[in-house]
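See structure below.
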Ligand SMILES: *Cc1c(COP(=O)(O)O)cnc(C)c1O
């Protein structure tokens, strides 16, 4: 294979994996790696979990697709499970996170129109990431994401993250036009920034007082990642709309937009749809993933190992020169350095057989499977400590 037939949107490391099991991946030379990234918060129950493998195999042999012109039993079952866990009665199934957020943004407009707002606005946060469609880019932050694209749909207004003064100002300036607030309770791509429980409670109250929808993007922080099914549950609040994707299918593409009954019923037959969304395979795997998390006690494990990892990192890495912060909840953890550190992704892989991510250029991000063991916690902390200590890598890095 010489010619490259892919559009140059990615810069992959020179690593190709051919097999995975649990927290481990093997490359094409047979070398074993510890996966502390889980395909960016996707394979939460581990690679090739036997129940997921069996569900895929059995469903593939029965039925993959019928379209939403017919009732799909697995969709109802997954909707019921998610309703029970989230307290949000209605679901719409998509194929990705961006689509789930598009669904949420449509609901915000319908809600605004229902309240008599001609051109409804959605309040979003600085440094947010909600996806790569044009509308979700408009809700996201960063010229780096939308360079060259020109004007994006203009119904979002951005304020600083987790800042109640900014919320008050935007209410003064645009209050009559605002229909909803959309935010990640823990910002992932921006470097793992956690909104406090106090902020989320105040925001919930503010939305109630003004008739705004509180829409949470838990595409990264949801499905057990933080030790609760959803990160908002740490704050004891209830959103009106919740978006999920990534770990819901453990690698089978699926997204979901959940809403309260009143909000979900803003859609009427024909007002939204998807060819693949909610197909029997994806929904059956979603059900299987939720069952595994429950049966194997993975919320508890994520909370326990996450706390252990955070403590190890604070004591072993947080004290090193050049480390600005160690942040996180459960197994969603960021270590911010005072310098660009993208090369540490490759050095971690080469020198420590450890897969991590670097986001926003300066933050090491850990999103390991929820099945992580105590021994693996130590291995990750030791490796990061060595990496951050050594000013230059042992390798020179591939171009
Ligand atoms: C990954 C992510 C998205 C986008 O999901 P896609 O499946 O890539 O479209 C949106 N929001 C958050 C918080 C994410 O982490």
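Structure notes:
- Here is the figure for region 334-376: residues that are free of Cβ contacts under 8 Å to residues at least 40 places away in the same chain, in a loop (DSSP other than H, G, I, E, B) and under 21 Å from the mean Cα position of the chain (by Cα) total 2.
- Residues in region 50-71 that are in a loop (DSSP other than H, G, I, E, B) and in contact with a helix residue (DSSP H, G or I) (Cβ under 6 Å, 6 or more places away or on another chain): 63, 64.
- Lone qualifier among 256, 202, 247, 198 - being assigned to a helix (DSSP H, G or I) and within 15 Å of the ligand (Cβ to nearest atom): 247
- Taking region 141-167 as the range and being within 16 Å of the ligand (Cβ to nearest atom) and part of a strand (DSSP E or B) as the test, the residues that pass are 156, 158.
- Residue in region 6-14 that is surrounded by 16 or more Cβ atoms within 10 Å (Cβ to Cβ) and either assigned to a loop (DSSP other than H, G, I, E, B) or modelled with pLDDT of 95 or more (or both) present: no
- Residue in region 274-288 that is without any contact (Cβ under 8 Å) to a residue 60 or more places away in the chain and on the phi < 0 side of the Ramachandran plot present: no
- Checked against the criterion of being more than 16 Å from the ligand (Cβ to nearest atom) and assigned to a loop (DSSP other than H, G, I, E, B), the candidates 228, 220 yield just one match: 228.
- Number of residues in region 104-140 that are more than 16 Å from the ligand (Cβ to nearest atom), part of a loop (DSSP other than H, G, I, E, B) and either within 19 Å of residue 259 (Cα to Cα) or at pLDDT below 95 (or both): the value is 2.
- Residue 239 vs. criteria within 16 Å of the ligand (Cβ to nearest atom), at pLDDT 95 or above, crowded, with 24+ Cβ neighbours inside 10 Å and part of a loop (DSSP other than H, G, I, E, B): yes
- Selection status of residue 170, under 19 Å from residue 204 (Cβ atoms) and within 16 Å of the ligand (Cβ to nearest atom): no
- The one condition in (1) surrounded by fewer than 23 Cβ atoms within 10 Å (Cβ to Cβ); (2) outside the structural domain of residue 217 (by TED's automatic domain parsing); (3) at positive phi that residue 41 fails to fulfil: (1)
Conditions (1) in contact with a strand residue (DSSP E or B) (Cβ under 8 Å, 6 or more places away or on another chain); (2) surrounded by 24 or more Cβ atoms within 10 Å (Cβ to Cβ), marked per residue:
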site	(1), (2)
229	no, no
245	yes, yes
272	yes, no
281	no, no
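- Residue in region 173-181 that is part of a helix (DSSP H, G or I), away from the ligand (no atom under 12 Å from the Cβ), surrounded by 14 or more Cβ atoms within 10 Å (Cβ to Cβ) and in contact (Cβ under 8 Å) with a residue 40 or more places away in the chain present: yes
- Cross-chain or 6+ apart pairs with Cβ under 8 Å, region 112-132 first and on the phi > 0 side of the Ramachandran plot, then within 14 Å of the ligand (Cβ to nearest atom) and assigned to a strand (DSSP E or B): 127/187; 127/193
- Residue check for residue 39: within 23 Å of residue 372 (Cβ to Cβ) and within 16 Å of the ligand (Cβ to nearest atom): yes
The values are calculated or read from the model by the stated rules, or taken from the named source; none is laboratory data. Quantities reported herein were computed from a predicted structural model and do not represent experimental measurements. Note that each Cβ is placed from the backbone with ideal geometry, even for glycine, and that neighbours are counted across all protein chains shown.
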